[in-house]
Amino acid sequence: MNYELTEEQELLRRTVRDFAGSRVAPVAEELDREERFPYELVREMAELGLMGIPFAEEYGGAGADTVSYAIAIEELTRIDSSVAITVAAHTSLGTMPIYLYGTEEQKQEWLPRLASGEKLAAFGLTEANAGSDAGATRTRAELRDGQWIVNGSKMFITNAGTDISACVTITAATGDNEISNLIVPNGTPGYEISAPMKKLGWHASDTRELSFKDCAVPEGNLLGPRGKGFHQFMEILDGGRISVAAMGVGLAQGAYDLAFAYAKEREQFGRPIAKFQAVQFALADMATEIEAGRQLVYRAAWLKDQGKDFGLAAAQAKLYTGLLSNRAANAALQIHGGYGFMEEYAISRLYRDQKILEIGEGTNEVQRMVIGKLLGL
């Protein structure tokens with residue numbers, strides 16, 4: 001086994017860490033408070049090549065591996081989850097379906113703008129009554145005279161409503177017991193996007209409800225073979241879980257960093273609270289679990305890069321790091337005491353942002369179901 005990162009991966013880590021510290025950290029609290037999408041940061045990340053890390057250079061991407069992608073998402077989440085999920089949802093969910101299943105014509109049409117970060121993409125799977133039961137989609141698409149006529153709605157969709165959003169790939173029932181995926185360009189008549197949804201966390205991330213009313217999409221916007229949509233989005237979710245697991249590690253690391261610094265500065269009973277065994281034990285547990293979670297994430301990413309089955313590893317990493325980030329954020333806020341309850345301290349934002357990591361891309365309960373199935377239970 002070789003646990004050392006390559007020179008390219010180490011360089012990427014340093015680059016993203018520097019960017020997150022110098023450009024994201026100074027504005028993260030303001031963006032969160034104003035619930036403002038970080039357009040300028042997205043533009044800068046595009047210039048750095050962070051919006052298309054795992055995509056081939058011929059389509060405008062960076063041509064890097066999944067481990068590199070996980071490292072970048074981890075480093076962004078250390079500072080701010082809204083920025084990180086903007087990149088992760090655009091990459092793993094919005095652009096990846098076109099990259100994996102699109103025809104060459106579809107790739108040439110969409111990928112150069114998406115992989116370069118000029119435009120954002122979204123993925124529409126969840127519905128009001130189809131969350132964990134993702135196959136229970138009610139959105140329907142009927143083929144008429146060379147067009148798919150789409151009717152239905154999608155819920156909790158990331159990146160669909162920004163000024164730089166290009167398209168959303170949606171799941172739709174195209175027949176009895178048949179689900180397909182369709183690319184719906186922004187601005188298509190009948191495709192309506194709600195106002196931004198109010199959320200507990202991820203305030204600077206774009207989250208919307210989408211509705212489709214006799215929305216006509218060209219027949220050529222079918223993604224992959226008709227009726228293969230369920231298989232496609234299950235594969236997409238497997239890959240997406242690696243990025244959300246990387247977010248779990250990143251948030252836990254960010255919470256640890258804040259708690260570590262605060263414990264060394266905050267004095268009680270005449271000495272820094274870092275000198276008290278209870279605080280030391282909390283930090284020791286956090287550091288140990290973070291390293292364990294990081295190895296789970298990197299292993300899942302490595303398996304994917306090697307072309308090996310990675311579904312089990314991705315589900316395990318996602319489950320563990322979701323729980324890890326919960327424990328870390330809670331312990332870090334506890335170390336901050338009353339100040340941690342104040343919005344002016346970054347730990348309060350991390351605490352709010354954390355919970356969705358146990359819900360999105362499959363809840364903890366769904367991850368256990370997936371793991372049980374893949375273990376042969």
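In this structure, is Leu377 aliphatic (A, V, I, L, M) and without any contact (Cβ under 8 Å) to a residue 24 or more places away in the chain? Break it down into steps so the answer makes sense when it comes.
Numbers: aliphatic (A, V, I, L, M): yes; without any contact (Cβ under 8 Å) to a residue 24 or more places away in the chain: yes.
Judged against the criteria, Leu377 is a match.
I'd like the full set of residues that are farther than 15 Å from Ser165 by Cβ and of a type in the set (D, E, K, R), limited to region 105-143.
Within region 105-143, Glu105, Lys107, Glu109, Glu127, Asp133, Arg138, Arg140, Glu142 qualify.
When both residues are 6+ apart or on different chains and their Cβ atoms are under 8 Å apart, which pairs have a first residue that lies in region 218-234 and is at positive phi, and a second that is assigned to a helix (DSSP H, G or I)?
Pairs found: Gly224/Tyr101; Gly224/Gln232.
Could you list, in sequence order, the residues of region 235-267 that are small (Gly, Ala, Ser) and without any contact (Cβ under 8 Å) to a residue 24 or more places away in the chain?
Within region 235-267, the first condition is being small (Gly, Ala, Ser), and the residues that meet it are 239-240, 243, 245-246, 248, 250, 252, 254-255, 259, 261, 263.
Of everything in region 235-267, just one residue is small (Gly, Ala, Ser) and without any contact (Cβ under 8 Å) to a residue 24 or more places away in the chain, namely Ala261.
Conditions (1) surrounded by fewer than 16 Cβ atoms within 10 Å (Cβ to Cβ); (2) of a type in the set (Phe, Trp, Tyr); (3) closer than 25 Å to Glu4 by Cβ, marked per residue:
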site: Glu267; (1), (2), (3): yes, no, no
site: Val297; (1), (2), (3): no, no, yes
site: Met342; (1), (2), (3): yes, no, no
site: Gly362; (1), (2), (3): no, no, no
site: Gln367; (1), (2), (3): no, no, no
site: Gly372; (1), (2), (3): yes, no, no
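Quick check on this structure: which one of Ile79, Ile85 is under 16 Å from Leu41 (Cβ atoms) and touching a Gly at 6+ places or on another chain (Cβ under 8 Å)?
Exactly one of Ile79, Ile85 is under 16 Å from Leu41 (Cβ atoms) and touching a Gly at 6+ places or on another chain (Cβ under 8 Å), namely Ile79.
Is it the case, given these coordinates, that Asn181 is touching a strand residue (DSSP E or B) at 6+ places or on another chain (Cβ under 6 Å), under 11 Å from Ala141 (Cβ atoms) and not assigned by TED's automatic domain parsing to the domain that holds Thr103?
Working: touching a strand residue (DSSP E or B) at 6+ places or on another chain (Cβ under 6 Å): yes; under 11 Å from Ala141 (Cβ atoms): yes; not assigned by TED's automatic domain parsing to the domain that holds Thr103: yes.
For Asn181, the condition - touching a strand residue (DSSP E or B) at 6+ places or on another chain (Cβ under 6 Å), under 11 Å from Ala141 (Cβ atoms) and not assigned by TED's automatic domain parsing to the domain that holds Thr103 - is met.
Run Asn181 past the list (1) modelled with pLDDT of 95 or more; (2) more than 21 Å from Thr91 (Cβ to Cβ); (3) of a type in the set (S, T, N, Q) and report the number of the one that doesn't hold.
Condition (2) is where Asn181 drops out.
Does at least one position in region 27-47 carry a residue that is among the hydroxyl-bearing types (Ser, Thr, Tyr) and under 17 Å from Asn159 (Cβ atoms)?
Of region 27-47, the ones among the hydroxyl-bearing types (Ser, Thr, Tyr) are 39.
Subsequent filtering for residues that are under 17 Å from Asn159 (Cβ atoms) retains 39.
Yes, the conditions are met somewhere in region 27-47.
Under 9 Å between Cβ atoms, which residue pairs at least 6 apart in sequence (or on different chains) link something in region 95-111 that is within 15 Å of Pro185 (Cβ to Cβ) with a partner that is surrounded by 17 or more Cβ atoms within 10 Å (Cβ to Cβ) and among the charged types (D, E, K, R)?
Between residues of region 95-111 that are within 15 Å of Pro185 (Cβ to Cβ) and residues that are surrounded by 17 or more Cβ atoms within 10 Å (Cβ to Cβ) and among the charged types (D, E, K, R), the close pairs are Ile98/Lys107; Ile98/Glu109; Gly102/Glu109; Trp110/Lys119.
What strands (runs of 3 or more DSSP E), lying completely within region 62-179, carry at least 1 residues that are of a type in the set (Phe, Trp, Tyr)? If you could, list the steps in order and put the result at the bottom.
Values: elements: 120-124, 140-144, 147-158, 165-175.
Output list reads 120-124, 147-158.
Out of region 35-88, which residues are under 20 Å from Leu251 (Cα atoms) and of a type in the set (Asp, Glu)?
Scanning region 35-88 gives Glu35, Glu74, Glu75, Asp80.
Scanning for something buried (at least 20 other Cβ atoms within 10 Å of the Cβ), farther than 16 Å from Arg241 by Cα, in contact with a strand residue (DSSP E or B) (Cβ under 9 Å, 6 or more places away or on another chain) and at pLDDT 95 or above, does region 79-100 turn up at least one residue? Reasoning before the result, please.
Quick first cut of region 79-100, residues buried (at least 20 other Cβ atoms within 10 Å of the Cβ) only: 79-99.
Now restrict to residues that are farther than 16 Å from Arg241 by Cα: 79-80, 82-83, 98-99.
Subsequent filtering for residues that are in contact with a strand residue (DSSP E or B) (Cβ under 9 Å, 6 or more places away or on another chain) retains 98.
Now drop any that are not at pLDDT 95 or above, which leaves 98.
Yes, some residue in region 79-100 is buried (at least 20 other Cβ atoms within 10 Å of the Cβ), farther than 16 Å from Arg241 by Cα, in contact with a strand residue (DSSP E or B) (Cβ under 9 Å, 6 or more places away or on another chain) and at pLDDT 95 or above.
For region 244-258, indicate whether the set of residues that are surrounded by fewer than 24 Cβ atoms within 10 Å (Cβ to Cβ), part of a helix (DSSP H, G or I) and in contact with a strand residue (DSSP E or B) (Cβ under 8 Å, 6 or more places away or on another chain) is non-empty.
No, every residue in region 244-258 fails to be surrounded by fewer than 24 Cβ atoms within 10 Å (Cβ to Cβ), part of a helix (DSSP H, G or I) and in contact with a strand residue (DSSP E or B) (Cβ under 8 Å, 6 or more places away or on another chain).
I'm trying to understand the selection: among the residues of region 127-154, which are at pLDDT below 95 and either β-branched (Val, Ile, Thr) or in the same structural domain as Glu235 (by TED's automatic domain parsing) (or both)?
Listed by number, the list holds a single entry, Thr137.
Those residues that are within 34 Å of the chain's Cα centre (by Cα) and either under 15 Å from Ala331 (Cα atoms) or of a type in the set (Asp, Glu) (or both), I need them from region 255-276; list them, please.
The answer is Ala255, Tyr256, Asp257, Leu258, Ala259, Phe260, Ala261, Tyr262, Ala263, Glu265, Ala274.
Would you check if Thr321 is in a helix (DSSP H, G or I), out of contact with any Lys or Arg (no Cβ under 6 Å at 6 or more places or on another chain) and free of Cβ contacts under 8 Å to residues at least 60 places away in the same chain? Give the steps one after another, and end with the answer.
On the way: in a helix (DSSP H, G or I): yes; out of contact with any Lys or Arg (no Cβ under 6 Å at 6 or more places or on another chain): yes; free of Cβ contacts under 8 Å to residues at least 60 places away in the same chain: no.
In short, no.
The values are calculated or read from the model by the stated rules, or taken from the named source; none is laboratory data. Keep in mind the model is a prediction, meaning the values are calculated, not measured. With ideal geometry, Cβ positions are generated from the backbone for all residues, glycine too; neighbour counts draw on all protein chains shown.
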